[in-house]
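Note sheet for the following structure.
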Amino acid sequence: MHFHTPLQGYLRGHIARAMEYDFKAIEAKWRARWTADATYTAEERDDKTKYYVLDMFPYPSGAGLHVGHPLGYIASDVIARYKRQCGFNVLHPQGYDSFGLPAEQYAIQTGQHPAVTTERNISRYRQQLDLLGFSYDWSREVRTSDPEYYRWTQWIFGRLFEHGYNRFSDKAEPISALILHFENQGNAGQDWAVGEDTLAEAGHRHLGPDFIGEFTAEDWNGLDAQGKSDVLMAYRLAYLADSEVNWCPALGTVLANDEVIGGLSERGGHPVVRKKMRQWMMRITAYADRLLESLEDIDWSDSIKEVQRNWIGRSTGAQLWFSVERHEGQTIEVFSTRPDTLHGASFLVLAPEHPLVSEITTAGQRDAVEAYQTETASRSERERMAGDRGATGCFTGAHAKHPLSGKPMPIWIADYVLAGYGTGAVMAVPAGDQRDWEFAKAFGLDIPAIFEGHNTDEGALTDKDAVLCNSGDWNGMPCHAALPLSIDGLSKSGLATPKVNHRLRDAVFSRQRYWGEPFPICYVDNVPQLIEGHAILLPEVDAYLPTETGEPPLARAENWNVNHGDRMEYNTMPGWAGSSWYFLRYMDPHNPDAFCDRAKSDHWGQVDLYIGGAEHGTGHLLYSRFWTKFLFDLDLIGFEEPFAKMVNQGMILGRSSFVYRQEGSNTFVSFEERKAHRTQRLHVDISLVKNDMLDLDGFRAWRPEFADAEFILNENGEYRCGSEVEKMSKSKFNVENPDDLVERYGADTLRCYEMFLGPLEQAKPWDTQGISGVHGFLRKLNRLYRNADGETLIHDGEPSAEAERALHKAIKKVTEDLERLSWNTVVSALMIGVNELTEAKAHERSVLQPLAALVAPYAPHIAEELWEMCGGNGSVVDAEWPQWNPEKLVESEVNYPVQFNGKVRFQLSTPADASPKDVEAAVMSDDRTAQQLQGRTPKKVIVVPGRIINIVG
RNA sequence: GCCCGGAUGGUGGAAUUGGUAGACACGACGGACUUAAAAUCCGUUGGCCCGAACGGGCCGUGCGGGUUCAAGUCCCGCUCCGGGUACCA
């Protein structure tokens, strides 16, 4: 074929390029083949070691995927493919966390059933995911909103409802065992995790006002169904309790703390009040210590482990009692991590909500106290925390007696003491605690000195090496030594008891929403009954809003009373219910008889590698650990940590572009000229900008208000935009969508490029400028196998030593880097390999066939094509991972950099087999050494074999 | 405030156990091809200095010290940036 005209020349270039690396045809071909052959179906098998790689499953939002989403998926897919080629039996599933708020809000606005929009979003996600060539076994897909899935979420809830936590055996046990115990001995002689408040309330209601936490077998047997149910709620792992929530009457729902801003709802700006509501709760606190301890056994990042440790917030210390003067028998219970500083305690501070406050407040202080309480109640917990931190508080007029000195201690209330932590009361030691010190200063309270050499006017001393004084028996001791003695001594004299406290609180498990799992609960005579044996399907409702009377949306359902009790539970479960166990369902996704067959979970075991964002540190990752431990306790699975190793990918940031509008005009100034004018910076859609230069016509067409825009251009006659790296977001017009890039460069290029951007864990800017380099690499790879006309170059000759060395060097580097999960450096190792092989004109099958296997995890489509061209057996997906041969790597000479006093002066080439002695002799006899030394005698000659020579002196 | 990260060319980043800092890319600049442009290919590209050139020198991994034959890497003291987060008793 001959081309003569310019147009024909252009066409020739175009066609040649298309033939050269026709990624569209290649990718379409292999996508179809993989689907037809069910290439990625995983089965249990005993001849191979299993490897379970998992992504955090996505919530299918209406916006579709942007380039940030696939980052983690590509990384896990690379490992899944690598492990498969290494001979592992890989489980690599994907699914959807498909219950959630956005679909519900959309439903409220449009009336469309959330199931419909969810289904639509899922198919969009699936389309986008399929384009990227992931090796997911889609036959195992799970969706949390599928009744076949959520019936097992409901079933696990049922098990949590039916179990409590026995501290003697340190595991969950059936509540029926506890009932048996109650029938025989009441609640004495057992140590099950208990909600003290819930128990006290139930006791007072059913056993009389004198109830102090203990009941006999007789008491128990005398209780009616309601009474028994109420008492058991204090022990169940899933239980009903009154808990304080942010309630928004206008929206008819509970809001999370971060949905409340300044006492108003984030959406709509309606007033929010703090209100006690009956809610389903999860007794995760029973597992606090186990959740803390087994962090040691898992390979997660230090930062995320630290987040979990802080969240659990274990602190050890003692519980102390202070008797209240003029209130016979009334004591205030206090938790302190520093009972060694007891001698320095000069006043008590209670949370404003502390139940004793109204009782002990004196008549003279009552008005002031109540005013302070009202003020506190009107502020959300978040505001209390975010306040200006100036000390506020109010004296109750009452005094407590110091347990050692007997001195009176004024009792104050202040909002820096939280009702929900510890006992809601603290003993203030102003000399040893900065907040107490500030409080004492602000209100002129006593600051007893208890540390040697401490000036109490300058602030608190929190150093544990400080030496105590004015502290009786502990005088002269450093605090760290006095602390255990104080706990021991105070306990022996009955003034205190050792105590471990956790910051972790039980989790609220109810939502007043529609699009979530219904509870398998109905009420009979107000007693909750578990419904077993089948799914409780989400009923149809006429609107996705609360009822007129403020009941959750499910109360609108007609004829839904499937169990013929008085009524169903109208709350639904929170988003984290389904995501707490989904990794188990993948192992046995279609089982109609169990959440997951024990043999299957034994076979696949823990997730070996879990990849996802770090933003779930205290939510999903804590709850799924909790549920896994619970299921382990019930012997339903054989491991108690779900995710053996986890990597958290960093956020991908967008590169935004800006135009500069002259104030009050429709004239836009190029970046270089912007300072000469008064300008306003505006985001401009990045699709209108190429290499920072604005497409002027495109800009005018972008929005009507810019149709008659004028431009002040730079000296090249172009309009240069400004840029900034920030979070990827629709409103910043900097969203990059993977579909466009797949269209332009192909999935293999996108996969390689996302990995090439930098270390996976790191937040990094998305900048497509570099993508052409990666695309060029794949073209170059392709050119090793065939010429510009698409004809094969592969032959069966003997490869040169350089070619073999390049190949084996690449195999070694790629293998080692994949083993240490260094995804980005693998790409550059492959580039180097391809560059060197191109240089060496290597077209031998014995080089190119392993090369195809080597690139397959990153660029599976082109790898399949090239593997096929080489005549490889079957799919490259199962191509054995190439091994490097150290002999092929050996160079005949070693080049030593020669340093003089640490500065490199020249290179010395020596035979590879030279001993350090030979090398030293060679370097010392070198002319250049003599020249550097200028007659001096070196003090020392250091030869690091294979690395470097340093001559000192 | 506390906790966890991080800081390396114009840019993204590499340097795995202390052993040639800047791999691999992008961008930029110069050149080839082309009527031209695009594409492609080749070359240069941390800064400063000496030299006509071959070549050579000095400085350089946020800042200030230190350890070492040798420090981006280890130690001490800071600065700045990112993320998380508790008035947690």
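Rank the residues A:Glu517, A:Glu548 as a footprinting-exposure proxy: fewest other Cβ atoms within 10 Å of their Cβ go first.
With the sparsest Cβ surroundings first, the list reads A:Glu548, A:Glu517.
Hey, can you rank A:703-709, A:580-586 by average C-beta count inside 10 Å, highest first?
A:580-586, A:703-709
Write down the Å³ per residue value for the convex hull defined by the alpha carbon atoms of segment A:759-889.
Details: hull volume 14.6 nm³, N = 131.
Value for segment A:759-889: 111 Å³ per residue.
Taking neighbour counts of Cβ atoms within 10 Å as a proxy for exposure, in what order, fewest first, do A:Asp77, A:Asp740 appear?
Numbers: A:Asp77 25, A:Asp740 13.
Listed from fewest to most nearby Cβ atoms, that is A:Asp740, A:Asp77.
Along each of the three principal axes of the Cα atoms of segment A:599-689, give the extent in whole Å, ordering the values from largest to smallest.
Sorted largest first, the three principal extents are 73, 21, 17 Å.
Quick check: from the Cα gyration tensor, does segment A:736-809 come out rounded (a/c under 1.5), prolate or oblate?
It comes out oblate by the Cα gyration axes.
Mean separation of Cα pairs under 8 Å and 6+ residues apart, divided by the residue count of segment A:47-93: what relative contact order is that in percent?
Over segment A:47-93, the number comes to 65 percent.
Kirkwood-based Rg over Rh for segment A:654-735 (C-alpha set), two decimals?
0.94
Between A:Asp597 and A:Arg905, what is the label-to-label distance in nm when each label sits 7 Å out along the Cα-to-Cβ direction?
7.4
Mark the label point 7 Å from the Cα of A:Glu548 along Cα→Cβ and return the residues of segment A:554-587 whose backbone N is within less than 16 Å of it.
Residues passing the 16 Å test: A:555-557.
How high is the relative contact order of chain A, given as a whole-number percent (alpha carbon pairs under 8 Å, six or more residues apart)?
Relative CO of chain A lands at 12 percent.
Take every DSSP beta bridge with both residues inside chain A and express the antiparallel ones as a percent of the total, to the nearest 5.
80
So if I take the alpha carbon set of chain A, get Rg, then get Rh from the Kirkwood formula, what is the Rg over Rh ratio?
With Rh from the inverse mean 1/r over Cα pairs, Rg/Rh is 1.04.
Gain in length, A:Ser139 to A:Asp242, computed as 0.36 nm per residue apart minus the alpha-carbon separation, to one decimal in nm?
So the chain would gain 32.8 nm between A:Ser139 and A:Asp242.
Among A:Ala466, A:His843, A:Thr396, which residue has its Cα furthest toward the positive end of the charge dipole of chain A, with +1 on Lys/Arg Cβ and -1 on Asp/Glu Cβ?
About the Cα centre, the residue reaching furthest to the positive side is A:His843.
Given A:Lys29/A:Lys83; A:Lys917/A:Lys939; A:Lys83/A:Lys809; A:Lys780/A:Lys888; A:Lys780/A:Lys812; A:Lys50/A:Lys645, which pairs have Cα atoms separated by over 18 Å?
Flagged as over cut-off: A:Lys29/A:Lys83; A:Lys83/A:Lys809; A:Lys780/A:Lys888; A:Lys780/A:Lys812.
Which whole-number percentage describes the relative contact order of segment A:893-952, with Cα contacts under 8 Å and a sequence gap of 6 or more?
41
Test of understanding: what is the full-extension gain from A:Gln662 to A:Asp302, defined as 0.36 nm times their sequence separation minus their Cα-Cα distance?
Extending this stretch completely gives an extra 124.7 nm.
Just rank A:Glu558, A:Glu802, fewest to most, by other beta-carbon atoms within 10 angstrom.
With the fewest neighbours first, A:Glu558, A:Glu802 line up as A:Glu558, A:Glu802.
Rounded, prolate or oblate: which one fits segment A:314-502, using the alpha carbon gyration tensor with axes a ≥ b ≥ c (rounded when a/c is under 1.5, else prolate when a/b beats b/c, else oblate)?
In terms of gyration-tensor shape, prolate.
Just going by the charge dipole of chain A, with Lys and Arg at +1 and Asp and Glu at -1 on Cβ, which of A:Ala644, A:Ala543, A:Pro799 is farthest out on the positive end?
Value computed over the given set: A:Pro799.
Between A:Ile832 and A:Val944, what is the FRET efficiency for a Förster distance of 22 Å, r being their Cβ-Cβ separation, to the nearest 0.05? Intermediate results must be reported in sequence, preceding the final value.
Details: r = 24 Å, r/R0 = 1.11.
For A:Ile832 and A:Val944, the calculated efficiency is 0.35.
For chain A, with the dipole built from +1 on Lys and Arg beta-carbon atoms and -1 on Asp and Glu ones, taken about the Cα centre, which of A:Leu180, A:Gly489, A:Tyr586 lies farthest toward the positive end?
Comparing the listed Cα positions along the dipole, A:Tyr586 ranks first.
Based on the alpha carbon coordinates of segment A:28-128, what radius of gyration and maximum Cα-Cα distance (Dmax) apply, in Å?
16.8, 54
For A:Ser892 paired with A:Asp926, estimate the spin-label separation in nm (one decimal), with each label point 7 Å from Cα along the Cα-to-Cβ line.
For the pair A:Ser892/A:Asp926, the computed spacing is 2.0 nm.
By how many nm would the segment from A:Ala363 to A:Ser687 lengthen if fully extended, with 0.36 nm per residue of separation less the alpha-carbon distance?
Length gained, A:Ala363 through A:Ser687: 109.5 nm.
Rounding to the nearest 10 and keeping the result within 0 to 90°, find how far the Cα-based axis of helix A:147-161 lies from the longest principal axis of chain A.
40
If r is the Cβ-Cβ distance from A:Trp321 to A:Glu293 and R0 is 25 Å, what FRET efficiency results, to the nearest 0.05?
Efficiency for this residue pair is about 0.25.
Using only Cα atoms, figure out Rg for segment A:893-952 and give it as a multiple of 2.2 N^0.38 Å.
1.00
Grab the beta carbon distance between A:Gln127 and A:His795, set R0 = 60 Å, and tell me the FRET efficiency rounded to 0.05. Kindly include the intermediate steps, with their values, before the conclusion.
Numbers: r = 41 Å, r/R0 = 0.68.
In this case the efficiency is close to 0.90.
Treating the beta-carbon of each Lys and Arg as +1 and of each Asp and Glu as -1, no other charges, what is the dipole magnitude of chain A about its Cα centre, to the nearest 20 debye?
That gives a dipole near 2180 debye.
Rounded to the nearest 20 debye, what is the charge dipole size of segment A:893-952 about its Cα centre when +1 sits on each Lys and Arg Cβ and -1 on each Asp and Glu Cβ?
Details: 8 positive and 6 negative charges, 85 e Å.
In debye, rounded to 20, segment A:893-952 gives about 400.
Coordinate-derived values only; no laboratory data. What you see is a predicted model, and the numbers here were worked out from it, not measured in a lab. Neighbour counts run over all protein chains shown; Cβ positions are idealised from the backbone, glycine included.
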